[in-house]
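As structure tokens, the structure follows; a few thoughts come after it.
The values are calculated or read from the model by the stated rules, or taken from the named source; none is laboratory data. Remember, it's a predicted structure, so these values are computed and weren't measured experimentally. Note that we place each Cβ from the backbone using ideal geometry, even for glycine, and neighbour counts take in every protein chain shown.
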Amino acid sequence: MERGVAVIGLGCVFPGAPDVASYWRNIKGGVDCVSEASDARWDGEFYDPNSKAVDRVYSRRGGFLPDVMPFEAGRFGIMPVAAEGAEPDQLLALKVAADALDDAGLDRESLANQRVGVILGRGGYLTPGLVRLNRKVREAGQLASILRELAPGLDPAVVETIKARFQDEAGAYGPDTAIGLVPNLAASRIANRLDLNGPAYTVDAACASALIAVEHAVRELRDGRCDVVIAGGVHVSPDITFWSVFAQLGALSRSGTLAAFDQGADGLVIGEGIGMLALKRLDRAEADGDKIYAVLRGVGSASDGRAASVMVPRVAGQVLALERAWQDAGVDRDALGLVEAHGTGTNAGDRAELRTLTEVFGEGPEAVLGSVKTMIGHTMPAAGAAGLIKAVLAVHHGVLPPSLHCDNPRAELEATRFSVIGKAKPWSSPQRVAAVNAFGFGGINAHVVLEGHGDAVAVPRALKPIDAADALVLRLAAATPEALLVALDAGRSGGEGPCRLAVVDPTPKRIARARKAVVRGEAWRGRGAIWFSPSGLVSAGGKVAWMFPGIEAQFAPEVASVAEHFGLEPPVHTAPTDLEQTGRGVVELGRFLDAALRRLGCAPDLVLGHSIGEWSGMMATGMLSNAEVDAFLEAAGPGTLEVPGVLFAAAGCGVGQAREAIAGLEDIAISHDNCLHQVILCGEQDSVSVARERLIDAGVICQVLPFKSGFHSALFADYVEPHRKHFADFDLKPAALPLWSATTVERYPDAPDAIRDLVIRHLVEPLRYTELVQRLFAEGARVFVQVGTGSLTGFVDDTLAGEPHLAVSANEPRRSGLAQLRNLALALWVEGADVEVDALVPKRGPTVDLALGAPLLTLGPDLRGRLSASTAVATTDDSPVMSAFGDALSALSRSGADVLEAYRERSAPKRWSGSRTLSVHTDPALWDHSFFPQPPGWSTPSDGHPVVPMTMTIELLLDAARQLVPGWVVVEATELQAFKWLVVEPEITVELVAERDGDWVRASITDYAEIRLRMAPAFPAAPAPAFDALPSPRSTPVDAVQLYQERWMFHGPRYQGITTLGPMDDSGIEGIITAPEGLGSLLDNAGQILGYWLMAAEDLDQLAMPVGMDLIEWFEDHPPIGAEVLCRVRILGVDDSSLAADLELVYEGRLWCRIRNWVDHRFETDPHVWAVMRQPEHHMLSVDRGAYRIFDESAHRAPSRDWLMRRYLGESERAAMLASGPRGQRRFLDDRIAAKDAVRFRLHADGVPPLFPVEVPLGPDLDTPVLGGPLAATGWQVAVAHDAGVSVARASDGSGAIALVPVETVDEGFVSAGDLSFFDGAPDAAARVQAAKTVAAQRRGADPRSLLAIEGGDADHLVVDGISVKLVREGAHIVAWSET
Amino acid sequence: MSREDTLQILAGFIRDVIGDEWDDDMEVAFDTSFSDDLELESIEFVALAESVQAHFGDHVDFVGWISNLELDQIIALTVGEVVDFVESCR
């Protein structure tokens, strides 16, 4: 029966270590992660080193996680609001458990049929969620009752306000978050979210908890009740009350250092963290091929029994636990090499533990003793997990880790076989056995014996967060650095424009760093994985060069991650053992990365190579086929590239100094001029030695390279023959892209023979890389991409120092291949080059910030005034004591309040002004508030006519007011006036002004809008929602999805917040809005619900836009993005021109905002116009007559000509129209409506998908508009004619013509007596003649009056000058056209 | 002069070499690695060597020391190792 339990996965978060890799790095490096508690944990006033009071602690030092921990709620399917209200430790435990399972290679699928348990050690201490709960439920009542008790005359409403404010400040708690406070959820939530069906529970054995959890786990596994168990411990957010306990016990270290086993140890420091191990029975793990970190051999636990005190450790109990564990393990005690001690740094604890160790292990081989608590503090119920993970990693990696602060070991240690080491030591023995102690208060002791599995595994270099491929990335774009800064400060991402910023792992600290670069306005290219370019090198016209590197001393690319990501075959020779293999590896890598880059949508404008990198360049440009190069490399056995006795030496200087160094020496030359500060010398050994000495004497770094070859020098001349033969056989083609030669500093020739010559010259002549880079810069190259790994980027940076350029590598040994590609993609994106960054940036849900502290609350200074004003009333109390107290209090607070008020009056500013730039770049959401939706991806923003919604205008005004009176909130808005639409394309900068008069602030956007706002220190208590239910609710004709899909609302995604629409009736409508991201979008969506009511209730003039509101009242802060808000609308009245309603917006059952008399203006539209407005690609304003289309503007109700213009015309067409004078404009527009419809109709009849009017651009000529854009090539022509608000148009594939002549006002000059003979005295005969002649003249290009005569036909069909013209009466007009 | 003083002098040179992309949040400590932490390119290292050599003069053969290191040693080099070297020349 297998008793060993394999550790197959690890996960943790401890001070200074967000993950296991960093935890081990810290342990190995002896990093002290103890620091001071910030005020965000608990307030400074609790710290007093001289006090013994119960609410004072004498040390601030501890091991802390960051005060705010990001948590990816979406990854685990947890609603952000629920996450905010939950205990932080539960959510972090969930993440750590998922990490441990990931590490074990167990995904959801492989877990599905296994019994997976979760057993965690966790204490029942006060945590932030419980603190919040206690505040909400008990402390708020306590506060109110004390206020009532001490000041009975206090206005009960004031007490309620204070209580409510206190509860508000305490944070989120409600039905959706309450469940998150049940302590066992630390384990159960893991089982729930990860869908595990083994037992899941927490155990509490104080500081032994985690090891007791491991003991349970081992039992479950040995008994076969579980297949996998996650075991560990959790201790996060130790509350000030917890600190108080340890201060009262005197257990906290006054020196702030946990110095386990040191003579001067004076106690512990409190730590926090979470550690978990994924465990599986050893035989199963081996059978499943799992990664095995270590094998747990034995576990044991024991209680102290009846001891002198529950607080004093008892050696006998500890010994018993150890004996039980070793008995269970069946391992020779002499094999023990490492004990991870409980080691709390308390005198009694350390003494007892050393006695226990002496008793159990006695004499024997030397072993190391340590405690990770010296680095991260005492993590209490998680301590056993911290120690066990440390021991597991120690046996796994074969390292004896150090322990800190034991400068003067306790005397007892001398007598034991144990010693504490201050620096890590290798642990090379084949059997590596370790043991871990965890002893809990009250006398519960636990011990685990473990051993390494197989050989020690070297530590892979741990990646910094910014070097990991799955790091978060912030990308931001704007028109200018200033606009970008605004967006950055507003916490936005995305945007458009040439000024761009990318930050990997955007922690606040790193964003602050990036911000500095933006403020400075100068490019920042890559250091610290931050890229910023104020205008984009490629956007400004710079070219992209791909550089293929040659052989260098270092070649260790990481390619597996890239191969896996793109499904590419990885290069073979990535760990070469000789020069030829390196050559193959370099070429393979170049080809591999070339393919990866192309998958990313990248392409070069030109190509160059360094040394054999030119061969890669020949492949990349299509000059050489891959197969031929493969065959060549295949044949290149060891020795092909090598030249015996010839050395390379790299010198840190320019060619001039290098020439001096080789002056007078034989058989030596400069083979590579790499950049201004590096050349490579190639020569016989003796000459190289002399040159090297000369250089070092001159202060130049000079290193002999570890490979021998004579490439690029005359010394290779004797070796070129095989190469010449190979190239002679190659089928060479001209390069499809410019390929540049570092031999000639010119483009490669096209002729195959010339190429062959150059390839041979390349082998024996020096590389002129410096000159080549300078030349390409002169040719316009600004971005240099190293398609490989190596030094070329450094060469470029050196050569082009001070010039605007980007040099970036596609592979970088210090980070994963995928992370470096991600960096490359970001660098390119920032410069405006083509690249699909999304293919590399991991998609992650938004994170929720978990605050790990629970500092004291403050209600803000404003409420002090409320209290002092009303305590005056307290003096009326009968009780003499209370009366006196009230007098004193009242006097005190009055004088205080007076002084404060006077000060405020004097110092408070009365006026604030500022400016705000608005555009679709500064506020990308405004793309989605464009009145005239255009085809997807339409590139001219002005055609959409993006406009600031009135509700965003209100938000801007509110912001201005809050700038003037910081810390106050706006509770009421009235006298709203909007003067004109605030159109944001092109970009506009507006002036904001706020002026204060007492509690009122008048805020305005100069020329655009104005409002009067009442401000207060706090929101008033919200009244209950007051609207009655709708009397006869029915569902709306369309649902929320159709509302946007069918464009009943013009709004794009960022303004589409309505997720439930209806019910409605004649008296109102309701809906649910999921607060979208656009500024002001929540109220805008309320307006949409109101607007929709009109659309559903009326069939004329359905388009309505807000024009004013009598009163808006707010009762709490704006609900967060994603919050579901119930919007209730009650119609006050509708008439021909307006619509009015009251609105209530209810968030989580509370009234958030109430609006009185919201008025919409109704715009004139008939069903026809309304359909065109909404879906112009499917509808037309003109009417089809078969041969032509006619548009009669008097037949429609339209909001305005401007609306029709924007619906039908593109940017340049609108400019042409506005330039055509007031009279011309009408005709211009009418003609184009008819003409565009005629073309769209014909094309659609030909099977072309529906077109928007802007997709049918027409030239500016008034009489003969010409089709532009892609349609110009179709051969379609359009003819138009216009008279008095009526336009006719005809689209044809030949030379069409059309005329429109009013019957009543014929130009007699057209008509001769003979012409009328074809008509039987018809009253409109003259008009018909004029129309027919006009058409014929158009066809002939002649004057219709003189030259032409009617040759035959009848009233509906005339032949003029050989041209057949058809005629028809159209109301008061004759329409004539020719069909050929 | 103490190790700490030498560290500060080196930190100054490193700041100069990094130039515009220096940020005050970047820390130069004894265990700071030139390659991993400071992301110094080999060419930047040449510039650093020039400054170091010029400052400490001939009795500190920095260039000779560097020239005799293996490449992977240079890549793994920490600021502390350079400090130790400079100190060893006293």
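A:Glu995 meets each of the listed conditions (1) farther than 22 Å from A:Asp928 by Cα; (2) among the charged types (D, E, K, R); (3) in contact with a Gly (Cβ under 9 Å, 6 or more places away or on another chain) apart from (3). Contact annotation: residue pairs with Cβ atoms under 8 Å, 6 or more positions apart or on different chains, pairing a residue in the stretch A:933-957 that is of a type in the set (S, T, N, Q) with a partner that is in a helix (DSSP H, G or I) and surrounded by fewer than 23 Cβ atoms within 10 Å (Cβ to Cβ), are A:Thr940/A:Glu1211; A:Ser942/A:Glu1211. Among residues of the stretch A:219-248 that are within 12 Å of A:Met380 (Cβ to Cβ), those with a beta-carbon under 7 Å from a residue that is at pLDDT below 95 and of a type in the set (Asp, Glu) at least six positions away or on a different chain give the pairs A:Val234/A:Asp89; A:Val236/A:Asp89; A:Ser237/A:Asp89. Against the test of being of a type outside the set (Lys, Arg) and either part of a strand (DSSP E or B) or not assigned by TED's automatic domain parsing to the domain that holds A:Asp328 (or both), the options A:Ala191, A:Ala187, A:Ala231, A:Ala213 yield a single qualifying residue, A:Ala231. Filtering the stretch B:70-85 to residues that are surrounded by 16 or more Cβ atoms within 10 Å (Cβ to Cβ) and either β-branched (Val, Ile, Thr) or under 17 Å from A:Ala649 (Cβ atoms) (or both) leaves B:Ile74, B:Ile75, B:Thr78, B:Val79, B:Val82, B:Val83. All of A:Asp103, A:Asp107 fail the test of being at pLDDT 85 or above and of a type in the set (D, E, K, R), apart from A:Asp103. For A:Glu496, the conditions (1) within 13 Å of chain B (Cβ to nearest Cβ); (2) in contact (Cβ under 8 Å) with a residue 40 or more places away in the chain all hold with the exception of (1). The residue pairs whose first member lies in the stretch B:33-61 and is within 7 Å of another protein chain (Cβ to nearest Cβ), whose second member is of a type in the set (Asp, Glu) and part of a helix (DSSP H, G or I), and whose beta carbons are closer than 7 Å, counting only pairs six or more residues apart or on different chains, are B:Glu41/A:Asp797; B:Ile43/A:Asp797; B:Ile43/A:Asp798.
Quick check: is even one residue across the stretch A:474-489 within 14 Å of chain B (Cβ to nearest Cβ) and not in a strand (DSSP E or B)? Taking every residue of the stretch A:474-489 in turn, none turns out to be within 14 Å of chain B (Cβ to nearest Cβ) and not in a strand (DSSP E or B).
Would you check if B:Gly64 is free of Cβ contacts under 8 Å to residues at least 40 places away in the same chain and more than 9 Å from chain A (Cβ to nearest Cβ)?
Numbers: free of Cβ contacts under 8 Å to residues at least 40 places away in the same chain: yes; more than 9 Å from chain A (Cβ to nearest Cβ): no.
In short, no.
Condition first: hydroxyl-bearing (Ser, Thr, Tyr) and either buried (at least 24 other Cβ atoms within 10 Å of the Cβ) or modelled with pLDDT of 80 or more (or both). Now tell me which residues in the stretch A:1325-1353 satisfy that. Within the stretch A:1325-1353, just A:Thr1334 meets the criteria.
The numbered conditions (1) crowded, with 22+ Cβ neighbours inside 10 Å; (2) within 14 Å of chain B (Cβ to nearest Cβ); (3) out of contact with any Gly (no Cβ under 7 Å at 6 or more places or on another chain); (4) more than 18 Å from A:Tyr719 (Cα to Cα) are all true for A:Gly654 except (1).
Report yes if A:Leu1030 is under 19 Å from A:Leu1083 (Cα atoms), at pLDDT 90 or above and in contact with a strand residue (DSSP E or B) (Cβ under 8 Å, 6 or more places away or on another chain), otherwise no. Judged against the criteria, A:Leu1030 is not a match. Residue check: A:Ile119 meets all listed conditions (1) β-branched (Val, Ile, Thr); (2) in contact with an Asp or Glu (Cβ under 8 Å, 6 or more places away or on another chain); (3) surrounded by 23 or more Cβ atoms within 10 Å (Cβ to Cβ); (4) assigned to a helix (DSSP H, G or I) but one, namely (4).
Those strands (runs of 3 or more DSSP E) of the stretch A:768-864 in which 3 or more residues are at pLDDT 95 or above and either away from chain B (no Cβ under 12 Å) or surrounded by fewer than 23 Cβ atoms within 10 Å (Cβ to Cβ) (or both) occupy A:781-786.
Annotation: of all residues in the stretch A:678-688 being within 14 Å of another protein chain (Cβ to nearest Cβ) and part of a strand (DSSP E or B), the one that is farthest from A:Tyr769 (Cα to Cα) is A:Leu681. Taking the stated definitions as given, is A:His405 in a loop (DSSP other than H, G, I, E, B), crowded, with 16+ Cβ neighbours inside 10 Å and not polar (S, T, N, Q)? Answer is yes for this residue.
Do we find that A:Arg108 is more than 34 Å from the chain's Cα centre (by Cα), closer than 25 Å to A:Asp290 by Cα and not β-branched (Val, Ile, Thr) in this structure? Reasoning before the result, please.
Details: more than 34 Å from the chain's Cα centre (by Cα): no; closer than 25 Å to A:Asp290 by Cα: yes; not β-branched (Val, Ile, Thr): yes.
Spelling it out, it is not the case that A:Arg108 is more than 34 Å from the chain's Cα centre (by Cα), closer than 25 Å to A:Asp290 by Cα and not β-branched (Val, Ile, Thr).
Checked against the criterion of being closer than 28 Å to A:Gly180 by Cβ, touching a strand residue (DSSP E or B) at 6+ places or on another chain (Cβ under 8 Å) and either outside any loop (DSSP other than H, G, I, E, B) or not charged (D, E, K, R) (or both), the candidates A:Val7, A:Val13 yield just one match: A:Val13.
Among the conditions (1) at the interface with chain A (Cβ under 9 Å from one of its Cβ atoms); (2) not in a helix (DSSP H, G or I), the only one that B:Glu27 does not satisfy is (1).
Which of the following residues is within 14 Å of chain B (Cβ to nearest Cβ), within 17 Å of the chain's Cα centre (by Cα) and surrounded by fewer than 19 Cβ atoms within 10 Å (Cβ to Cβ): A:Lys509, A:Lys516?
Details: A:Lys516 fails: within 17 Å of the chain's Cα centre (by Cα).
The conditions single out A:Lys509.
Would you mention how many residues in the stretch A:694-709 are more than 7 Å from every other protein chain (Cβ to nearest Cβ), of a type outside the set (Lys, Arg) and more than 16 Å from A:Phe555 (Cβ to Cβ)? The qualifying residues number 4. Quick check on A:Val607: is it buried (at least 17 other Cβ atoms within 10 Å of the Cβ), closer than 18 Å to A:Ser809 by Cβ and not polar (S, T, N, Q)? For A:Val607, the condition - buried (at least 17 other Cβ atoms within 10 Å of the Cβ), closer than 18 Å to A:Ser809 by Cβ and not polar (S, T, N, Q) - is met. Restricting the stretch A:519-551 to residues that are under 22 Å from A:Ala471 (Cα atoms) and in a helix (DSSP H, G or I), the residue that is nearest to the other protein chains (Cβ to nearest Cβ) is A:Arg527. Residue count for the stretch A:653-677 under the criterion of being assigned to a loop (DSSP other than H, G, I, E, B) and closer than 25 Å to A:Ala801 by Cα: the result is 4.
Per the conditions (1) modelled with pLDDT under 90; (2) assigned by TED's automatic domain parsing to the domain that holds A:Glu1124; (3) farther than 13 Å from A:Leu1126 by Cβ, the sole criterion not satisfied by A:Ser1081 is (1).
Filtering the stretch A:143-156 to residues that are touching a residue at least 60 places away in the same chain (Cβ under 8 Å) and either out of contact with any helix residue (DSSP H, G or I) (no Cβ under 6 Å at 6 or more places or on another chain) or under 17 Å from A:Asp89 (Cα atoms) (or both) leaves A:Leu150, A:Pro152. Within the stretch A:409-419, the set of residues being loosely packed, with under 12 Cβ neighbours inside 10 Å and not charged (D, E, K, R) comprises A:Ala411, A:Ala415.
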